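Notes follow once the structure below has been shown.
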Amino acid sequence: MAKNDKPKRNRYTSPKGESLFASVVDVDYGTEQYPNPKGGYKITLALESAAADKLRAMLAEEVDAARALADKKFQELKPATRKKLGSVTFNELGVEEYDKDDQPTGRVLFRFKTSAFYEKRDGTKMRRKVPLFDSMMQAVSLKEEPGNGSLVRVAFTCAPYFVEGQGAGGLSLYLDAVQIIKLNLFGGRSASDYGFDEEDVDGGFSAADVKDEDDASEAGPSEDAADDDGDVPF
């Protein structure tokens, strides 16, 4: 199957949750200890237990397919490798959140990532942007990252992965877009926290009025974008 003939992925929208460690405005190149030289975007979504169960139920068939693929890929490994690894490892969707005292908070963390650059069919390297929308579904351009505690929903696609050297598989969640329902900038307080209410007046200011003046080459994915699965599971 040709690279551009891969089956089309289903797109999903997450329940509402709190944003953590978001890099959806500027390209994230990782840290000195964990570098990401290719650059990417990421966001962690913290969901309460009921919302986490809802997301897992939404993706149940995708998880089952990823688990079946991991089992198949493991059986295809060389006998010596299977013996060394023992059994296949499947990374379940979402991880439990713990507080600073190592106590569970009751929330589940889901991590979404995508590459920051892609190649058009003619080989031109392009930087994509993560589309951002406000609570009224209007497109918005931010100069700073949404801070921890921002209330968001994430639009995403997913795909199974398998790491042969670890005998481990799972389901990767690919970040497509973010709706920001309540915005905190770097942990700052939102408008409602200060007692403001939404005002519906003629000529009223909206996030949609903020024009994006960035270079046109910093565009979102197009039909010319190459597949951006990458080699690193998450």
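The values are calculated or read from the model by the stated rules, or taken from the named source; none is laboratory data. What you are looking at is a predicted structure, and each value in this text was computed from that prediction instead of being measured. A quick note on method: Cβ atoms are made from the backbone with ideal geometry, for glycine too, and the neighbour counts reach across all protein chains shown. Note: accessible area is taken over every heavy atom of the protein model, side chains too, but ligands, DNA and RNA are not part of it. Shrake-Rupley method; radii C 1.70, N 1.55, O 1.52, S 1.80 Å.
Which residue pairs have Cβ atoms under 6 Å apart, sit 6 or more places apart or on different chains, and have a first residue in the stretch 103-129 that is free of Cβ contacts under 8 Å to residues at least 60 places away in the same chain and under 25 Å from Ala50 (Cβ atoms) and a second that is open to solvent by 30 Å² or more (accessible area, probe 1.4 Å) and part of a strand (DSSP E or B)?
Short answer, once both residue conditions are applied: Pro104/Glu96; Pro104/Tyr98.
Considering only residues that are crowded, with 16+ Cβ neighbours inside 10 Å and touching a helix residue (DSSP H, G or I) at 6+ places or on another chain (Cβ under 8 Å), which ones fall in the stretch 85-113?
Within the stretch 85-113, Leu85, Val88, Phe90, Leu93, Gly94, Arg107, Val108, Phe110 meet the criteria.
So which residues in the stretch 156-175 are open to solvent by 20 Å² or more (accessible area, probe 1.4 Å) and not polar (S, T, N, Q)?
Pro160, Tyr161, Phe162, Val163, Glu164, Gly165
Out of the strands (runs of 3 or more DSSP E) lying entirely within the stretch 1-62, which hold 3 or more residues that are open to solvent by 70 Å² or more (accessible area, probe 1.4 Å)?
17-30, 35-48
With Arg153, Arg128, Arg121 as the choices, which residue is among the charged types (D, E, K, R), within 29 Å of Val25 (Cα to Cα), at pLDDT below 95 and in contact with a Pro (Cβ under 8 Å, 6 or more places away or on another chain)?
Exactly one of Arg153, Arg128, Arg121 is among the charged types (D, E, K, R), within 29 Å of Val25 (Cα to Cα), at pLDDT below 95 and in contact with a Pro (Cβ under 8 Å, 6 or more places away or on another chain), namely Arg128.
Considering only residues that are exposed (fewer than 15 other Cβ atoms within 10 Å of the Cβ) and in contact with a helix residue (DSSP H, G or I) (Cβ under 6 Å, 6 or more places away or on another chain), which ones fall in the stretch 114-155?
Hit for the stretch 114-155 is Gln138, nothing else.
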